[in-house]
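Note sheet for the following structure.
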2 protein chains.
Amino acid sequence: MDLVTLTDIQAAAALIAPAVVRTPLLPQDDGLWLKPESLQRVGAFKIRGAYHALARLPEQVRARGVIAYSSGNHAQAVASAAALFGIKATIVIPDNAPAVKIEATRAHGAEVVLVPMPERESRARELAEATGATLVPPFDHPDVIAGQGTIGLEVLADLPDVATVLVPVSGGGLISGVAAAVKALRPSAAVVGVEPELAADAAESFRAGARVPWSPADRARTVADGLRAELSELTFAHLRAFVDDVVTVSEGEILDAVRVLARRARLVVEPTGAVAVAAHLKSPRPGKTVAVVTGGNVDPEVFARILSS
Amino acid sequence: MDLVTLTDIQAAAALIAPAVVRTPLLPQDDGLWLKPESLQRVGAFKIRGAYHALARLPEQVRARGVIAYSSGNHAQAVASAAALFGIKATIVIPDNAPAVKIEATRAHGAEVVLVPMPERESRARELAEATGATLVPPFDHPDVIAGQGTIGLEVLADLPDVATVLVPVSGGGLISGVAAAVKALRPSAAVVGVEPELAADAAESFRAGARVPWSPADRARTVADGLRAELSELTFAHLRAFVDDVVTVSEGEILDAVRVLARRARLVVEPTGAVAVAAHLKSPRPGKTVAVVTGGNVDPEVFARILSS
């Protein structure tokens, strides 16, 4: 299977530059640097992969529009990228997604189709077939992986002697790209995936050396609602090739990390976005550590409750 | 009176680079870009001026330590800068300052002296006299102004065709430096100060063409606790030379801006840090606008209450 290369990721960096914020590394007091992707215009790193996937489409194909299915941040990213290209986006969202994510997707001018969770992929495929629009998958595509991998390039540019990069894992698109970039540029740096204990299928798969399925119901238990997907064949191949370990954090550790990020880094972070920091707080590693803070799309009332609890 | 020059500010940028985060401009949807200085290691832009002031001291003078009096963010900035230089900092803080700011100052290794608000400056001067340490003023010093002015350089580098830069005004150190940089590089850009209606002494002074004193009690009414100082002769001279207007916002508009920043920009911002955004929301100007988001040091419980109200 062809894996995404450093060259792919470097080409992606040039293509996505107009659409993404060049996020800084934020130094913390204890050997930790944050990569705050919550500051992207859609509040999450997903704009990198989505914009790159659209930029790579032939113009006449792109003009027929794009479709995505997503529990949230990928939806906003595809909607925002489509708006930047001036094309139509149709987003299929599970009807139990957080309201803030649905509203934000509509605010980008996308048409939103709400369906029961199990039907989202099939409905998206039907719509693509019927309209000629291109389906942009949330993680299982080399262009999406290469776009997310630009985070790895930026980390190495800003902190060349990084020892460990902590990356949340759900479908695995982010860690696939980041690990491909980091291992090409600095093989001695460790790339470590982080999952909730309640959705630890990637950790189990990594240890088993083969993908171990967890039921959607099991994966849906965690408060980290962006970490409920499972690895694809493509992303698992990247994990096997480039990733050093996958560790897990508890629900309480995730919420503690949200509070620490608000207080010490002045960032509004969704629980999903805080898991890498949770792993650092639980068990710091020697040397300079970077935690990718993936997103900040949380209902303000929910965020206020987490801060007050 | 000698005003701070572009050359001074460019020299400051080189000196402070090791200590400050090169904050990005964050594009919003409505012609607004945010300059999120809340992401600095002390949670506020004040590290720029404080670190620069320390960097400019002769080494044998700096070794005797530094003293500051501050209602908050300047205290943390001097404490953090002193820690980076490995020297002692003594910080005189009014005994009614927010707990989060006092704790954060101590966390940087500084000695904290709590005094009643009216005594803070005199006590700081006594301590400096007694110990040989250097007093680092919060705004009334060319080195502090030049350090804050580096924000203006970065704004112009990232958005060369900016039309308006909105800057909170308290003692005026920030707007003095930013305006000196912006007007030197792009005279057609407007630099506009923003104050709370309840502490609008700079706006009144700007219109009168002479400093108009407001009582400390009057200036203390606003929720924006970092905007209760008054202009010095030096900063007022910069305002007269470089600033186009000073506008005001209400307490409600300030709190609305805090909520908007949490929801749309995923930033934890203190009320003081939100006034420039409040001015944009109240009355947007034509062309590209930058709002300087000055700080994010707010008690999490207070922040949660603002979000929930």
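The values are calculated or read from the model by the stated rules, or taken from the named source; none is laboratory data. Since the structure is predicted, the reported quantities are computational estimates derived from the model, not experimental observations. All Cβ positions, glycine included, derive from the backbone under ideal geometry; neighbour counts span all protein chains shown.
Does segment B:244-266 hold any residues that are more than 29 Å from B:K183 (Cα to Cα) and in contact with a Gly (Cβ under 7 Å, 6 or more places away or on another chain), and which are they?
B:R266
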Are any of the residues in segment B:46-66 basic (K, R) and within 24 Å of B:L261 (Cβ to Cβ)?
-> yes
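Just checking, which of A:V169, A:V155, A:V212 is crowded, with 24+ Cβ neighbours inside 10 Å and touching an Asp or Glu at 6+ places or on another chain (Cβ under 6 Å)? So that I can check it myself, show each step before the final result.
Working: A:V155 fails: touching an Asp or Glu at 6+ places or on another chain (Cβ under 6 Å); A:V212 fails: crowded, with 24+ Cβ neighbours inside 10 Å.
Testing whether each residue is crowded, with 24+ Cβ neighbours inside 10 Å and touching an Asp or Glu at 6+ places or on another chain (Cβ under 6 Å) leaves just A:V169.
In segment B:1-114, which helices (runs of 4 or more DSSP H) lie fully inside it and hold 2 or more residues that are touching a strand residue (DSSP E or B) at 6+ places or on another chain (Cβ under 6 Å) and outside the structural domain of B:G173 (by TED's automatic domain parsing)?
Counting at least 2 such residues, we get B:73-85, B:99-107.
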Candidates A:E103, A:E37, filtered to the one that is of a type outside the set (G, A, S), within 14 Å of another protein chain (Cβ to nearest Cβ), surrounded by fewer than 24 Cβ atoms within 10 Å (Cβ to Cβ) and within 20 Å of the chain's Cα centre (by Cα) | A:E103
Selection status of A:P138, within 17 Å of A:L174 (Cβ to Cβ) and either touching a Phe, Trp or Tyr at 6+ places or on another chain (Cβ under 9 Å) or in the same structural domain as A:V92 (by TED's automatic domain parsing) (or both) | yes
Top-ranked residue of segment B:11-34 - restricted to ones that are free of Cβ contacts under 8 Å to residues at least 60 places away in the same chain and among the small types (G, A, S), ranked as farthest from the other protein chains (Cβ to nearest Cβ) = B:A14
So A:G109 clears everything in (1) within 14 Å of another protein chain (Cβ to nearest Cβ); (2) modelled with pLDDT of 95 or more; (3) more than 30 Å from A:K288 (Cβ to Cβ) except one condition, right? Which one?
-> (2)
Among the candidates A:A262, A:A257, single out the residue that is modelled with pLDDT of 95 or more, in contact with a helix residue (DSSP H, G or I) (Cβ under 6 Å, 6 or more places away or on another chain), facing chain B (nearest Cβ under 9 Å) and part of a helix (DSSP H, G or I).
-> A:A262
Could you list, in sequence order, the residues of segment A:274-309 that are facing chain B (nearest Cβ under 9 Å) and either buried (at least 24 other Cβ atoms within 10 Å of the Cβ) or of a type in the set (G, A, S) (or both)?
-> A:G295, A:G296, A:N297, A:V298, A:F303, A:A304, A:S308
From B:P160, B:P137, residue being assigned to a loop (DSSP other than H, G, I, E, B) and either closer than 15 Å to B:A53 by Cα or among the small types (G, A, S) (or both) | B:P137
Which condition does B:V61 not pass, out of (1) crowded, with 18+ Cβ neighbours inside 10 Å; (2) away from chain A (no Cβ under 11 Å); (3) among the β-branched types (V, I, T), if it passes all the others?
-> (1)
Among (1) within 23 Å of B:T222 (Cβ to Cβ); (2) assigned to a helix (DSSP H, G or I), B:A146 falls short only on (1)
Could you list, in sequence order, all residues of segment A:217-246 that are over 26 Å from A:A163 (Cβ atoms), assigned to a helix (DSSP H, G or I) and in contact (Cβ under 8 Å) with a residue 60 or more places away in the chain?
-> A:E233, A:L234
May I ask you to verify whether B:T134 is buried (at least 17 other Cβ atoms within 10 Å of the Cβ), within 14 Å of chain A (Cβ to nearest Cβ) and more than 23 Å from B:R219 (Cα to Cα)?
-> no
Six or more apart or on different chains, Cβ under 7 Å: which pairs go from a residue in segment A:247-273 that's closer than 24 Å to A:R41 by Cα to one that's of a type in the set (K, R)? Could you list them?
-> A:L267/B:R266; A:V268/B:R266
Subset of segment A:22-53 [hydrophobic (A, V, I, L, M, F, W, C) and at pLDDT 95 or above] | A:L25, A:L26, A:L32, A:W33, A:L34, A:L39, A:A44, A:F45, A:I47, A:A50, A:A53
Got a sec? Which of A:L239, A:L267, A:L227 is over 27 Å from A:L6 (Cβ atoms) and buried (at least 16 other Cβ atoms within 10 Å of the Cβ)?
-> A:L267
Please work out which one of (1) over 15 Å from the mean Cα position of the chain (by Cα); (2) more than 14 Å from chain B (Cβ to nearest Cβ) is the condition A:H74 fails and give its number.
-> (1)
Sole miss for B:G193 among (1) without any contact (Cβ under 8 Å) to a residue 40 or more places away in the chain; (2) not in a helix (DSSP H, G or I) is condition (1)
Could you check A:V249 against (1) buried (at least 20 other Cβ atoms within 10 Å of the Cβ); (2) within 21 Å of B:N297 (Cα to Cα); (3) more than 9 Å from every other protein chain (Cβ to nearest Cβ) and say which number it fails?
-> (2)
